[in-house]
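Below is one structure; the comments refer to it alone.
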Amino acid sequence: MTQATFREIFTGMGGTDRRRNSRFPIVQELRYRLLGGRGAPHWAAGKTLDISSNGILFEAESPLPPGRRVELAVSWPAQLDGKCPMKLVARGKVVRCRGNDVAVEIDKYEFRTQGRAGLLPQNGA
């Protein structure tokens, strides 16, 4: 799925919201890690609360600092050719954090197959 297709899916689904792009209440498990720190980034678990064409709101294990870069791997609810589980892998910047609810502005993403090794990345992956 191309970036244009992903954006078209979310911007063409309607809804009324004051934000630039509509948000959709997609709740899926995810793993995330902060980027740009020292040592190997540690993967942590969370769940999405809503998703738009340029952002993800998710519940993290603990608050994340605004301005930090983050990588997310989201279990995607659709399958490739109706058979192969997919995941959305995205990178972006934490723009807001309220408690453990973290808003990330996405600047890069791609869809990948989940493969047999596991649903999402584990620590050390």
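The values are calculated or read from the model by the stated rules, or taken from the named source; none is laboratory data. None of the values given here were measured: they were computed from a predicted structure. Note that we place each Cβ from the backbone using ideal geometry, even for glycine, and neighbour counts take in every protein chain shown.
For the range 43-55, taking the residues that are more than 14 Å from Arg33 (Cβ to Cβ) and in contact with a Leu (Cβ under 7 Å, 6 or more places away or on another chain), the one that is surrounded by the fewest Cβ atoms within 10 Å (Cβ to Cβ) is identified as Lys47. In the range 93-118, the residue that is surrounded by the fewest Cβ atoms within 10 Å (Cβ to Cβ) out of those that are among the small types (Gly, Ala, Ser) and at pLDDT 90 or above is Gly99. Checking Leu72, Leu35, Leu64 one by one, the residue that is of a type outside the set (Asp, Glu) and in contact with a Cys (Cβ under 8 Å, 6 or more places away or on another chain) is Leu64 and no other. Scanning the range 63-87 for residues being surrounded by fewer than 14 Cβ atoms within 10 Å (Cβ to Cβ) and closer than 22 Å to Gly115 by Cβ gives a total of 7.
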